[in-house]
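Notes to accompany the following structure.
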Amino acid sequence: MTVLAEFSIEADQFLLGRIIANFPDVAVEIERVVPTGNRIMPYIWGCGDDLDEFVTAMREHPNVESITAVDRVDNQALYKIEWEDPTERLIAGLAETTATILKAQSDDTWTFEIRFEDNGGLAAFSEYCASHGIEYRLKRVSALTDSEYFQKSYAFTEPQYEALSLAVERGYFEIPREVTYEQLAGQLGVSEQAVSERVRRATNKVMRAAMAGQPSFDL
């Protein structure tokens with residue numbers, strides 16, 4: 001049975017957290033993790049006014065092979081980071097245990113919401129962290145129901161799921177289009193840009209999962 005685990009971890013427990021801690025005005029969310037051979041490539045969203053300085057620091061870091069901006073809108077950007085192996089132990093551990101990141105956001109501490117295929121995956125991750133000296137606090141473990149699994153399997157955030165569901169229901173993807181972002185924004189009570197970003201990110205997750213030929217967003 002699919003298991004959902006939520007845990008918190010201090011920034012000093014993993015490399016990405018330590019680097020980002022130097023930029024308190026940059027909010028970061030890990031989008032997904034891609035294992036490629038001996039290297040791990042996390043995709044992260046960054047938001048803030050210090051993105052250029054953040055990218056410069058990442059490029060100058062001895063453990064970063066490369067950082068590439070995949071998409072950018074105003075003061076938000078999606079980056080692909082490639083580490084020198086075997087540097088980022090926490091992210092490598094998630095990839096090694098075939099875990100899927102549903103949410104990973106920075107604040108005073110980092111909060112991770114992870115999906116494992118079963119309890120064995122969670123146990124393997126715990127053993128990995130213990131053997132590599134990574135300390136975290138497990139806050140919640142639960143099994144996913146079928147309805148929750150649909151939302152979690154594509155790693156939708158609640159706002160993304162709400163926006164995409166409404167867009168489909170109102171006919172945004174029909175030809176001709178039956179509703180505009182402006183109308184959706186009015187119904188959701190948010191800005192037109194916020195609706196656009198949420199729908200785009202959610203649609204991107206669905207398309208990547210579909211092209212990978214698997215139901216979960218763990219590319």
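Candidates Phe54, Phe14: the one that is at pLDDT 85 or above, closer than 24 Å to Ala124 by Cα and buried (at least 18 other Cβ atoms within 10 Å of the Cβ) is Phe14.
Just to be sure, is Leu122 open to solvent by 40 Å² or more (accessible area, probe 1.4 Å), closer than 20 Å to Glu10 by Cα and modelled with pLDDT of 85 or more?
Taking the combined requirement at face value, the residue does not satisfy it.
Can you pull out every residue in the range 186-196 that is assigned to a helix (DSSP H, G or I) and surrounded by fewer than 18 Cβ atoms within 10 Å (Cβ to Cβ)?
Once the filter is applied, which keeps residues that are assigned to a helix (DSSP H, G or I) and surrounded by fewer than 18 Cβ atoms within 10 Å (Cβ to Cβ), the range 186-196 yields Gly186, Gln187, Leu188, Glu192, Gln193, Ala194, Ser196.
One residue stands out in the range 89-124 among those that are of a type outside the set (A, V, I, L, M, F, W, C), within 17 Å of Glu135 (Cα to Cα) and assigned to a helix (DSSP H, G or I): the one that is farthest from the chain's Cα centre (by Cα), namely Arg89. When the range 125-148 is filtered for residues that are among the hydrophobic types (A, V, I, L, M, F, W, C) and either free of Cβ contacts under 8 Å to residues at least 12 places away in the same chain or within 21 Å of Leu15 (Cα to Cα) (or both), the ones remaining, listed by number, are Phe125, Cys129, Ala130, Ile134, Leu138.
Given the criteria modelled with pLDDT of 90 or more, closer than 24 Å to Val73 by Cβ, open to solvent by 20 Å² or more (accessible area, probe 1.4 Å) and β-branched (Val, Ile, Thr), does Val179 qualify?
no
Would you be able to say whether some residue in the range 33-45 is at positive phi, without any contact (Cβ under 8 Å) to a residue 12 or more places away in the chain and open to solvent by 10 Å² or more (accessible area, probe 1.4 Å)? Yes.
If only residues of the range 86-95 that are touching a helix residue (DSSP H, G or I) at 6+ places or on another chain (Cβ under 9 Å) and surrounded by 14 or more Cβ atoms within 10 Å (Cβ to Cβ) are counted, the one that is farthest from Thr2 (Cα to Cα) is Thr87. The single condition among (1) part of a helix (DSSP H, G or I); (2) modelled with pLDDT under 85 that Ser216 does not satisfy is (1).
The values are calculated or read from the model by the stated rules, or taken from the named source; none is laboratory data. What you are looking at is a predicted structure, and each value in this text was computed from that prediction instead of being measured. In this analysis, Cβ positions are derived from the backbone assuming ideal geometry, glycine residues included, and neighbour counts consider all displayed protein chains. Protein only, heavy atoms only, side chains kept; ligands, DNA and RNA dropped before computing areas. Shrake-Rupley method; radii C 1.70, N 1.55, O 1.52, S 1.80 Å.
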